[in-house]
Amino acid sequence: MLDHTTSEITPRKALRVNPAKTCQPIGAMYAALGINRCLPHSHGSQGCCSYHRSHLTRHYKEPVMASTSSFTEGASVFGGSPNLRQSLKTIFQTYDPDVVAVHTTCLSETIGDDIPTIVKKASEDGIVPRGKWVIHASTPSYAGSHVTGFSNMVKGMVDYFTNKGEKKVKGQINILPGYVEPPDMRKLKSMVAEMGLTPVVFPDTSDVLDTPKTGHYEMYPPGGTKVEKLLTTGASEYTMAMGHFSSKDPAAHLELKGGVPFTLSDTPIGVQATDRFYQGIMEATGAEIPKAQLDDRGRLVDMMTDYQHYLYGKKVALWGDPDQVISLAEFMSDMGMQPVCIITGTPGKIFEKRLKAILEGKALMPVIAQKQDLFYLHQVIKKQPVDLLVGNTYGKYIARAEDTPFVRFGFPILDRAGHSYFPSVGYKGGIHLLTSIVNTLLDRQDRDAPDERFELVL
Ligand code: SF4
């Protein structure tokens, strides 16, 4: 356990302890599952693929299908081309997907396998059947994080599916949701459709990783963005890209390739980020925000006011995926809370820049760090204790050591339920998030109250 973590912070360059991130292919695999009838393929050894699948399965509590090139010593020395060719042959003959989305691993990246050339040759040799697709993304895990891998795979989708010079379809817009949960993707789709627009959301893991139980196994669940839709992304009038880390590169590539202008917005978690999401779409398309959404916004603001006295001044430490954490920090500061330490394991200077811009002038500036780990966060809060921890499951050891209330949020959540069913985006998502935060703090207040202050009405 972590009872012996010290508060003295020693600079570390070569060691990460409990990093606030995981490896690129996990994000690439998650993104690929957001294409309808797509089989993610891990070009590397079996161990990587097993780990990535099981990590996603543990978070979503759903079977995650993916294939592997199954490298052994031979492939590691001579290259993985024969393995990938044989894999594609078996995959199309046995599992019949519409798309195979190949991502690399540390090993195949180090060898330097040239995936586009291998796939091109496989197509020329008739290994890839007509009408089927093999797309790819380069995802070396010694750089970036699972968020980078997600972004790279979405960029790969643009690379293979977006066409140039398409005739624009009135009212059709691309939605790049970024690395969010399946219910978030479903919610974003309905938020845009309610505005009278036609959204092409990609990737879209709703109805893939949150499917209802029917008693029948389906290798390819009904959800995911259909290839026909992906092929029209160049015909959209506009792209709303959410998250600097997970959506900026794909959106810029889409603009370059398909001539579709884009707005880059923060992940719409909380009031202000959701306002900016609607504002961006309204300005670009002239569509109006629906009254039902304005009502939800009013309810969220009402709730923030009602519970303000439980939240004001509460110190909080946050960690996780940068796009989500940036919006979450803004939301918490809007509720009067005081972020003390905000970290992400994903590298990128924009993390600090964006948070500083958002939090400037609101309160004391917190410790903000990219490429960091939970050991560091623990040391920071040893010096400056907090009232609440918000982040993924890996924080439970710190919560236990410091006896601090803990709201699980982000990826992965391996020990609680609900994250893959309730959206966090939009005004309704804000209500859900606020409920978890307030209730966690009130549970602690009840637990710690002496008999004479143990109240029925809080
Ligand atoms: S870090 Fe590299 S070697 Fe390890 S599981 Fe990820 S891809 Fe495989």
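The values are calculated or read from the model by the stated rules, or taken from the named source; none is laboratory data. Quick caveat: nothing in here was measured; it's all calculated off a predicted structure. Here the Cβ positions follow ideal geometry from the backbone for every residue, glycine too, while neighbour counts run over all protein chains shown.
Summary table below
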{"quantity": "Single condition residue 59 does not satisfy, out of (1) away from the ligand (no atom under 11 Å from the Cβ); (2) over 21 Å from the mean Cα position of the chain (by Cα); (3) not hydroxyl-bearing (Ser, Thr, Tyr)", "calculated": "(2)"}
{"quantity": "Residue match in the stretch 153-166 (condition: at pLDDT 95 or above, of a type in the set (Val, Ile, Thr) and part of a helix (DSSP H, G or I))", "calculated": "yes"}
{"quantity": "Residue list for the stretch 183-222, filter: part of a loop (DSSP other than H, G, I, E, B) and among the acidic types (Asp, Glu)", "calculated": "194, 204, 207, 210, 218"}
{"quantity": "Failed criterion for residue 139 (all others in (1) away from the ligand (no atom under 14 Å from the Cβ); (2) of a type in the set (S, T, N, Q); (3) under 15 Å from residue 153 (Cβ atoms) hold)", "calculated": "(1)"}
{"quantity": "Any hit, the stretch 85-100, residues being within 16 Å of the ligand (Cβ to nearest atom) and either at pLDDT 95 or above or of a type in the set (Asp, Glu) (or both)", "calculated": "no"}
{"quantity": "Lone qualifier among 408, 400 - being more than 24 Å from residue 312 (Cβ to Cβ) and either assigned by TED's automatic domain parsing to the domain that holds residue 443 or crowded, with 22+ Cβ neighbours inside 10 Å (or both)", "calculated": "400"}
{"quantity": "Residues being surrounded by 18 or more Cβ atoms within 10 Å (Cβ to Cβ) and assigned to a helix (DSSP H, G or I) - total across the stretch 223-248", "calculated": "11"}
{"quantity": "Subset of the stretch 152-192 [within 13 Å of the chain's Cα centre (by Cα) and either within 16 Å of the ligand (Cβ to nearest atom) or surrounded by fewer than 20 Cβ atoms within 10 Å (Cβ to Cβ) (or both)]", "calculated": "152, 153"}
{"quantity": "Qualifying residue in the stretch 94-103 (condition: in contact (Cβ under 8 Å) with a residue 40 or more places away in the chain and out of contact with any helix residue (DSSP H, G or I) (no Cβ under 8 Å at 6 or more places or on another chain))", "calculated": "yes"}
{"quantity": "Flag if residue 75 is crowded, with 20+ Cβ neighbours inside 10 Å, part of a helix (DSSP H, G or I), within 16 Å of the ligand (Cβ to nearest atom) and free of Cβ contacts under 8 Å to residues at least 60 places away in the same chain", "calculated": "yes"}
{"quantity": "Of the criteria (1) out of contact with any Asp or Glu (no Cβ under 8 Å at 6 or more places or on another chain); (2) modelled with pLDDT under 95; (3) within 15 Å of the ligand (Cβ to nearest atom), which one residue 19 fails", "calculated": "(1)"}
{"quantity": "Among (1) within 16 Å of the ligand (Cβ to nearest atom); (2) part of a helix (DSSP H, G or I); (3) surrounded by 18 or more Cβ atoms within 10 Å (Cβ to Cβ) - the single one residue 122 does not satisfy", "calculated": "(1)"}
{"quantity": "Selection from the stretch 64-84 of residues that are at pLDDT below 95 and either within 25 Å of residue 34 (Cβ to Cβ) or among the polar types (S, T, N, Q) (or both)", "calculated": "72, 76"}
{"quantity": "Members of the stretch 28-37 that are more than 11 Å from the ligand (Cβ to nearest atom) and outside any loop (DSSP other than H, G, I, E, B)", "calculated": "30, 31, 32, 35"}
{"quantity": "Qualifying position, being within 20 Å of residue 272 (Cβ to Cβ), modelled with pLDDT of 95 or more and part of a loop (DSSP other than H, G, I, E, B), among 430, 410", "calculated": "410"}
{"quantity": "Options 63, 97, 40: the member that is surrounded by 20 or more Cβ atoms within 10 Å (Cβ to Cβ) and in a loop (DSSP other than H, G, I, E, B)", "calculated": "97"}
{"quantity": "Condition check for residue 372: under 22 Å from the mean Cα position of the chain (by Cα), over 30 Å from residue 290 (Cα atoms) and either among the polar types (S, T, N, Q) or surrounded by fewer than 18 Cβ atoms within 10 Å (Cβ to Cβ) (or both)", "calculated": "yes"}
